[in-house]
1. How large is the accessible surface per residue of the stretch 278-373, computed with a 1.4 Å probe and reported in Å² as a whole number?
2. Students often get this wrong, so check it: of K36/K261; K36/K314; K261/K292; K29/K332; K141/K190, which have C-alpha atoms separated by over 21 Å?
3. What is the set of long-range amide H partners of H50 at a cut-off below 5 Å, with H atoms built 1.01 Å from backbone N?
4. Run the numbers on the chain and let me know its relative contact order in percent, using alpha-carbon pairs under 8 Å that are six or more apart.
5. Would you mind working out the magnitude of the charge dipole of the chain relative to its Cα centre, with +1 at each Lys and Arg C-beta and -1 at each Asp and Glu C-beta, to the nearest 20 Debye?
6. Taking all protein chains as present, what is the carbon and sulfur share of the accessible area of the chain, in % to the nearest whole number, probe 1.4 Å?
7. Report the Cα centroid-to-centroid distance between the stretch 262-332 and the stretch 126-142 in angstrom, as an integer.
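The values are calculated or read from the model by the stated rules, or taken from the named source; none is laboratory data. In this text the structure is predicted, and so the values were computed from the model without any measurement. Backbone-built Cβ (ideal geometry, glycine too); neighbour counts: all protein chains shown. Side chains included, ligands, DNA and RNA excluded: accessible areas come from the protein's heavy atoms. Shrake-Rupley method; radii C 1.70, N 1.55, O 1.52, S 1.80 Å.
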Amino acid sequence: MLISNDELRLRLLNRLCDEPELSGYKVIKSSTSLVKRDALGELGLCFSSHTSVDLDRDNLLSLYVSPGFYRRFDVLEVWFEKLFLISKRRFTSISWKPDLTSEKYRKDWYCVDFLRTRDTFEEDYQRLREVIFDAGIPFLKQNETLDGMYESCIAPVLRKEASLPNSDIWWPRYLVLTKITHPEKYDEVKSLILSQIDSMLHRKYPDISTKEHESIIPDIINYIETHDFSIEHPHVLDESVKKKDSEAPRTEKHMTRAEAKQYNEFEKTETAVRRKVSKDFGWKQCDYINWKIISGYYFVLYHPLVDELELNVKPLFVDDLWWDIFEMPSNKQEPKSLRGIGAFAVTAPQLHEYKVFEKEDVFTFDESQIEATWKSRFQKVEEDIKAFLEENPDPELFSPENNSKYGLIDPIYTLMMEIHSGMKEKALDHIEALKAESRVTFVGPKGDAFEYVKNWCKKD
């Protein structure tokens, strides 16, 4: 009997939900993950997987499963997502997964082959359970609080036991984290971070993400130093931080428990109303996104915060081609929401941003006002989509330049458009330029995304 990949994935997620230590986690089938929300944000276990063979069991067909773990603190991310001109793909504050380049990775216990040709599920599950509970759960517990993340990321640097990251935009959340948890260390951490930013900007190949935001670095720092982040997140301070900070004067009004409850009730009502209104306009909904397919395009609306709405678009074939190249073809059979919310989906170029609700108004809105607001927004979105399609009727030709009116373009998107158009040599040349800019995206067992693309282009 051949067991399907989808059946194995679902059995794995449901089996993990039975573990007492994972009480409160919910299954997210579209992204093959377990997620738990708490007052500070989100904790998650995610699993990348693909068809393989088990070399230690007669090369039998298997589903190769690799776990990863992350912690998101809303206070470190929601302003971060808003400030940066980057697709709002729910940033994670800190994550961990085994080193994919390590010799130990596949030969020991960091990942597991689940056999598909016979039912050895419990045997395979116990091997995967070992890494989850020996390495992953301790990571999540260590980083359950803001103080825990500080001890993981910043304290070792101050003790000269570790170095700061040398690529990507990580430093704003480190500054906010220090300001909240250890304000007495803020100046010292800021000095180290500014030195690291200078190094990232002036080395032979500058970090592209930092370079793109160089002009607003002073504004970001000024924002961090003048803003009270707890005003928008009443649960941001865990008990240890509250105790240390209890004598500090507050210049801004904090949300009361009653207001926080009312705010949460608004979000629940608003989500239900958005589902109803979006359906009337032909959209489907999954978590914080809505999506629909028109004329070969996949349109997706991101609504991560009550005041924000973002419209993105990509040709439908982009993810199909990418999943073939990245050896995850089964993703093409998953719900279409995976193309908008999935961890291995290609980021779509941004068309428009819209204002939805003002944060200070959420306590006065009733359901009829929420419905009227969403009807107005969806009507505007429909008008913008119509204008876009008139300008770009053929999805095979929609390949915008990076930093054009469509913002930052995912390098994988650009490569997929080139390969789809038959320009494999151009894609290979482009890879070297993207690698020089340190724009590495997805990583799999055979290397980073660029390695998969190179192998695909050279295999014929």
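1. With all protein chains present, the stretch 278-373 gives 37 Å² per residue.
2. In this structure, K36/K314; K261/K292; K141/K190 exceed 21 Å between Cα atoms.
3. Y64
4. After rounding, I find 12 percent.
5. Dipole magnitude for the chain comes out near 500 debye.
6. Numbers: 11050 of 22020 Å².
Its accessible area is 50 percent carbon and sulfur atoms.
7. Their Cα centres are 32 Å away from one another.
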